[in-house]
Each structure stands twice: as C-alpha cells, then as structure tokens.
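The values are calculated or read from the model by the stated rules, or taken from the named source; none is laboratory data. Since this is a predicted model, take the numbers as computed values, not measurements. Here the Cβ positions follow ideal geometry from the backbone for every residue, glycine too, while neighbour counts run over all protein chains shown. Please note that ligands, DNA and RNA were not included when accessible areas were found on the heavy atoms of the full protein model with its side chains. Shrake-Rupley method; radii C 1.70, N 1.55, O 1.52, S 1.80 Å.
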Amino acid sequence: MSDKNSKIIKVEDLVKKYGDVTAVNNISFTIDEGDIFAFLGPNGAGKSTAIKILTTVLQPTSGRIKVDGYDAAVEKEKHKIRKAIGVIFQDHTLDNELTAYENLYYHSVLYKVPKEERKERIETMLNNIGLWKSRNNIIKTFSGGMKRRVEIIRGLLHYPKILILDEPTSGLDAQTRYFLWNHIQKINQEDKITIFLTTHNLEEAEKVARNIAIIDNGQILASGNLEQIKEKANTASLEKAFLEITGYALR
Ligand code: ADP
C-alpha cells in the first residue's frame, strides 16, 4: 500500500554500475509531492541513469526507491510506479510514420486509459497544447517543438502524478522553450502534477524549479531550494552557483 506522506519520490543510497563505470554513486534524495524539482549536472553526471532507474526501465546495482509509496524492488509494485509516472525522454520517441492523433491513441491503449475517455482526453489535450488542427498530420512533417509538445501530452495521457522530463527544451527555439516551460508550470499548478526535470539551461531552471539537486560524477554535490543553493555558493545566480559547486568555475 502507499505510505504517501508528502514525499512522492524517495531515493536512498542508490548505486548503478555499468561494468567498471559507476554512473550513480550512492545518491539519496526525496521529492515533495507537488514540487518542481530540477536535477542538474554536466553530461555524463548520471542523470539519465537515475531517471531510467526511477521509471523502472533499469535495475539498480543497490539502493532503495519508492515512488508514490510503491517499492521499485518489488516486482508487483513496478507497474504501479509506471502508472504513477509520465516520462519524456531526451530522444524523440514518437512513431514518425503515424499521425499525432494515432501516436496518442496507441499510447492511450497501451496505458489502459479507459476506452470511453480516450477520444475526449486526446482532444482536450491536443487543444491545450495548440495542436488539435494538426492532429491528422504525420509526425515526420512536425517541427522539433511540435514533436516535443505531442510527447508531453502523451506522457500525461494516463493521468500520472509525476511527470519526468529529461532535457525537455534542448535544441528548441526560444519561443517553443518559453511555451513549454509555461505549460509545465501550468500542469504543476493546475493539475498538481509533481515535476522532475533535467536541463542544461540554468537560466530556465532558475525560473521554474523550486528545489534542486546538483549532480556530478554520480554524486549529489548540493541540494535544497533555489535560495539555499545560491547561498551555499554565495552567488546571485543559479548558473554561477552550479559552476562553483561543480568546480568548473575554477577549471
Ligand atoms: P547524464 O544523463 O547525466 O549525461 P548518464 O546517466 O547518461 O549521464 O551517464 C552516466 C555515466 O554512465 C557516463 O559515464 C556514461 O558514459 C555511463 N553510461 C551510461 N549508460 C551506459 C551504458 N549503457 N553502458 C555503459 N556506460 C554507460
């Protein structure tokens, strides 16, 4: 059963080794229900590995993970975790040969959205994201920003409590990035969905994230709310704090 209190994600002493490479080296953190939490770190820090473990795609070497009260180590609870999470991976994962509507429809079947709700849910969500008119166009005709928008609503179709976004705005133009961050904040505020994200855009992270963990070489170097992170590094911007904490400011 779920032992919710206010921590929707609990990670304790998590380790992941790929052969000789320790990608995640004994990290612990918790995420409050309703938070916008940013996991920040340079390439190779271990962010994607941690996300794959959280979403039960990858088995950890050791450590304990609870999502929405369910234990990732318990086989029977894994599907409950998958239900609780919507995930948008860094790489595009839509079927290029299908229309936007078809992509969403197949996903809603796969994730067991009740049949009587599917059409209306997809229509509402396509409208929310401004793509209803493009629903019958095939994905390969879409811009990168349009694809990202479809991926975001696809991640939300099955009513998850948590949305995980790995680099949601990389490679997109300023207008699309602005639109997406606004939309992510709206989902958080209006639908009370907990957001867990990674981004290399620290200016944008500073605008949206309430709590932050800075990770490098598989270890968490600092965590806390935005103000605490900036205070720790004694700087006024998250970007400066990030560079200071990861030691890159001196290199
Ligand atoms: P990030 O998402 O922060 O860029 P990753 O989690 O992708 O970091 O990678 C963390 C470390 O683990 C890196 O050193 C990377 O090369 C290594 N790594 C990631 N995936 C694999 C894999 N499948 N096999 C071996 N090493 C991997």
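Side notes on the structure shown:
- Odd one out for Pro42 among (1) of a type outside the set (D, E, K, R); (2) within 13 Å of the ligand (Cβ to nearest atom); (3) crowded, with 18+ Cβ neighbours inside 10 Å: (3)
- Residue in the range 150-164 that is assigned to a helix (DSSP H, G or I), touching a Gly at 6+ places or on another chain (Cβ under 7 Å), open to solvent by 30 Å² or more (accessible area, probe 1.4 Å) and small (Gly, Ala, Ser) present: no
- Residue count, the range 106-142 (criterion: closer than 16 Å to His183 by Cβ, at pLDDT 95 or above and open to solvent by 50 Å² or more (accessible area, probe 1.4 Å)): 3
- Test: residue in the range 195-204 that is surrounded by fewer than 18 Cβ atoms within 10 Å (Cβ to Cβ), more than 16 Å from the ligand (Cβ to nearest atom), among the acidic types (Asp, Glu) and under 19 Å from Ala84 (Cβ atoms): no
- Taking the criterion of being open to solvent by less than 20 Å² (accessible area, probe 1.4 Å) and hydrophobic (A, V, I, L, M, F, W, C), the residues of the range 173-192 that qualify are Leu180, Trp181, Ile184, Ile187.
- From Asp71, Asp91, Asp3, residue being modelled with pLDDT of 95 or more and open to solvent by 10 Å² or more (accessible area, probe 1.4 Å): Asp71
- Answer residue from the range 158-209, given it is closer than 22 Å to Lys112 by Cα and among the basic types (Lys, Arg) and is nearest to the chain's Cα centre (by Cα) among those: Lys161
- Every condition in (1) among the polar types (S, T, N, Q); (2) more than 16 Å from the ligand (Cβ to nearest atom); (3) closer than 28 Å to Phe142 by Cβ is met by Ser28 except one, and the failing one is (3).
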